[in-house]
Amino acid sequence: VSRQLKEEIRRGFARLEDPLTGLLVMLESSSDWKGKGHSLGYCITMELQLWIKEHPAVPQSGTKLKKLQARVLGMLSQCPANLLDPLISIYQLHTADRNYLLEHVSHLYLQGNYKEAAILSIKLKLQPDQDVEKMCTPLLLQDKTNLVEDYVQEYPELQRKLLQTLDTWCDPSFNIRDITRPYQGLSRYKPEKFNRRVLSKLVFRLLERFGVNPALCPNVINQRHLRTLNYLFYKRFVEKTMTEENWVDHIQSTVGENRWLQGHLVHLLLRHCDARGAARWARHCRLPSELLPRAVAEELQKLHIQDSAEEVTKVDNYETSKKKDYYQLPIPRENIHLLQTWEETLQCWEKVLQPGQVIGVDMEWKPSFGMVGKPRVALLQLALKDEVFLLALPQLLEQAEAEGEKEKFPRFIQMLYSDAAITKLGYGMSGDLSSLAATCSALKDMEKQMQGVVDLLSVDKQVDERFPEHSHEERGVRQPEKGLSLLVQHMLGKPLDKTEQLSNWEKRPLREEQILYAASDAYCLLEIYERLCKDPESFSLGSDLTESLVGKQSKKPRAKKQLHKQEAPSPSGQECQGPRTDPSRPPASISPQEFSVVCDNMLQGLGRYLRCLGVDVRLLDNEDDHRKAAEVSSQ
């Protein structure tokens, strides 16, 4: 707004006997302020708000103010967002009769103006006197979850009520149509966004955002645990990639004393095992005998400890025989050190914080299986050329806090990662570091200070191109390797044994298999880096490997499918047979006349610009479906 206009507006206010009434008359007789952006009405309103602060005697009171408040309330539902706060401030709506304000909002709600009713309630802080379920239900049906979150933001009691309501809706016996039926004619109603799966995700997001105890939402938690149970059975009995110890560990921590989950566990056991097998697992999982079908209960009575021990030994022997198929640590077992006291850890630091040192870094945490909260690091692995250190973080952090030296661990990590003279190797380091920050809040900004970091996830693409034809046959019936395991297989000849990946890393003492797995995960990074240093050009990296990779971090991929370039399926499912290009060379330039483009109705501006450059452009009409672009292109 120009200074001249501001001065004219202020002179106008000074001449008015009643500026507050004057502003209302102007707004009521105009409609330009109802649109988005900075209208003249908006500018005058903002200037009046500033002018009133400079002239404290102006504000009205008593009956006259109440009449003005009644008039302005009628306008607020039509107001753009940028005018709400100024008008509420100018006409002191926070001082208005609360019952009158609630009645007005209720009237808006009954007219179907649910969004406007909620926004006005938030601005006037009316939520404690309203029914949170009633106010939020139509907003959720319209997929306005952000507004729902704002509505309960400042009120912990309302947060809990909202979460309890959502959890009730997620009960399998609850009929969601009972909620949606009164709102069938609702504008912008999105039924596809209103089902148990979507609501369950919303509950978990709100639990984490508001820091509410998950026990408040038993239905959602039970359903998530049931999905975890199904996943664990798939890993153990279908994929066969989880050890017996890990499986039993997770089953016990997932089911606990919950009778509903115990019942589902029995059904799953019978689906995947015979009665004897189900009985053996029932004993391992400590299921109450009264929950078991008669056949399983009878088998449970017949089982003897010796039989069970023999069976476990067979499994262990089988799993030991598989070890030769996997990457093996090249250092002796006595060079792997599990550190659980600060005295041991300080000796480790002296070796690690040496200029010129190359260190493989990895971290492990207990799988959350989709539950609330970020994972907290349970084990930090640091691999040097001749030895590996495994730092038991929960114990070390607890000791440091007890000794009043909470900064001890973050200080070491900051020294390590900020030292450019020490090369830190990782795989998907951003994911590891975010978990480390969740474990120790003093490290939340550490990524900004990092130097000398090599993320080997950056070479995955080059390695895939180098080994495009890695046969699945040589892996037998095992699941195809992925992530770091696939990189190790390509570079070092054998994949990592990932059967301990989903271990309970918080449980102490760690089993021998967990210790060896954790050490291997960190040490293999050293061997991959050494191989890359010897022949970087083979992987499209510069001869200066540090320059090619240092500082490039990537998040750990989410179980990405390993599709090689020439195997990538086209959208139609048919194999693409396109020309192969050298990735190290830029594509050859073409003239605009050789270039043809179809622009859908969201890209008409781009299409017109390309036409000016001489490109052959076909613009779709506004009523054309987006998919027509693909049809025209293929023609």
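The values are calculated or read from the model by the stated rules, or taken from the named source; none is laboratory data. Remember, it's a predicted structure, so these values are computed and weren't measured experimentally. All Cβ positions, even for glycine, are placed from backbone atoms using ideal geometry, and neighbour counts span all protein chains on display. The protein model used for the area step is the full one, side chains on, heavy atoms only, and it has no ligands, DNA or RNA in it. Shrake-Rupley method; radii C 1.70, N 1.55, O 1.52, S 1.80 Å.
Some points to look at:
- Taking segment 434-459 as the range and being part of a helix (DSSP H, G or I), under 19 Å from Leu526 (Cα atoms) and open to solvent by 10 Å² or more (accessible area, probe 1.4 Å) as the test, the residues that pass are Leu457, Ser458.
- Criterion violated by Val203 - all others in (1) modelled with pLDDT under 90; (2) within 18 Å of the chain's Cα centre (by Cα); (3) surrounded by 14 or more Cβ atoms within 10 Å (Cβ to Cβ) satisfied: (1)
- Members of segment 264-305 that are open to solvent by less than 90 Å² (accessible area, probe 1.4 Å) and not in a helix (DSSP H, G or I): Cys273, Cys285, Leu287, Pro288, Leu292, Pro293, Leu303
- Number of positions in segment 400-428 that are of a type outside the set (Asp, Glu) and in a loop (DSSP other than H, G, I, E, B): 7
- Residue in segment 387-399 that is nearest to Trp342 (Cα to Cα), counting only those that are open to solvent by less than 30 Å² (accessible area, probe 1.4 Å) and assigned to a helix (DSSP H, G or I): Leu396
- Residue within segment 148-168 that is modelled with pLDDT of 90 or more, open to solvent by less than 40 Å² (accessible area, probe 1.4 Å) and assigned to a loop (DSSP other than H, G, I, E, B) present: no
- Answer residue from segment 119-136, given it is over 26 Å from Asn213 (Cα atoms) and among the aliphatic types (A, V, I, L, M) and is most open to solvent (accessible area, probe 1.4 Å) among those: Ile119
- The one condition in (1) touching a residue at least 12 places away in the same chain (Cβ under 8 Å); (2) in a helix (DSSP H, G or I) that Leu606 fails to fulfil: (1)
- Long-range neighbours under 9 Å by Cβ, at least six apart or interchain, first residue within 14 Å of Lys53 (Cα to Cα) within segment 83-102, second aromatic (Phe, Trp, Tyr) and at pLDDT below 95: Pro86/Tyr42
- Identity of the residue in segment 1-11, assigned to a helix (DSSP H, G or I) and touching a residue at least 12 places away in the same chain (Cβ under 8 Å), that ends up farthest from Tyr91 (Cα to Cα): Leu5
- Near pairs, Cβ below 6 angstrom, 6+ apart or cross-chain, from segment 190-201 (in contact (Cβ under 8 Å) with a residue 24 or more places away in the chain) to any residue that is among the aliphatic types (A, V, I, L, M) and open to solvent by less than 90 Å² (accessible area, probe 1.4 Å): Phe194/Leu141; Leu199/Leu166; Ser200/Val220
- Of all the criteria given as (1) among the acidic types (Asp, Glu); (2) within 28 Å of Ala118 (Cα to Cα); (3) at pLDDT 85 or above, the one not satisfied by Glu8 is (2).
- One residue stands out in segment 29-62 among those that are open to solvent by 30 Å² or more (accessible area, probe 1.4 Å), aliphatic (A, V, I, L, M) and modelled with pLDDT of 85 or more: the one that is farthest from the chain's Cα centre (by Cα), namely Leu50.
- Residue in segment 366-386 that is in a helix (DSSP H, G or I) and open to solvent by less than 10 Å² (accessible area, probe 1.4 Å) present: no
- Matching entry among Leu65, Leu139 (being over 30 Å from Ile176 (Cα atoms) and open to solvent by less than 60 Å² (accessible area, probe 1.4 Å)): Leu65
- Gln111 being open to solvent by 90 Å² or more (accessible area, probe 1.4 Å) and not aliphatic (A, V, I, L, M): yes
Let's see how each residue does on (1) of a type in the set (A, V, I, L, M); (2) out of contact with any Ser or Thr (no Cβ under 9 Å at 6 or more places or on another chain):
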site	(1), (2)
Glu192	no, yes
Arg196	no, yes
Val203	yes, yes
Leu207	yes, yes
Gly211	no, yes
Pro214	no, yes
Arg224	no, no
Tyr231	no, yes
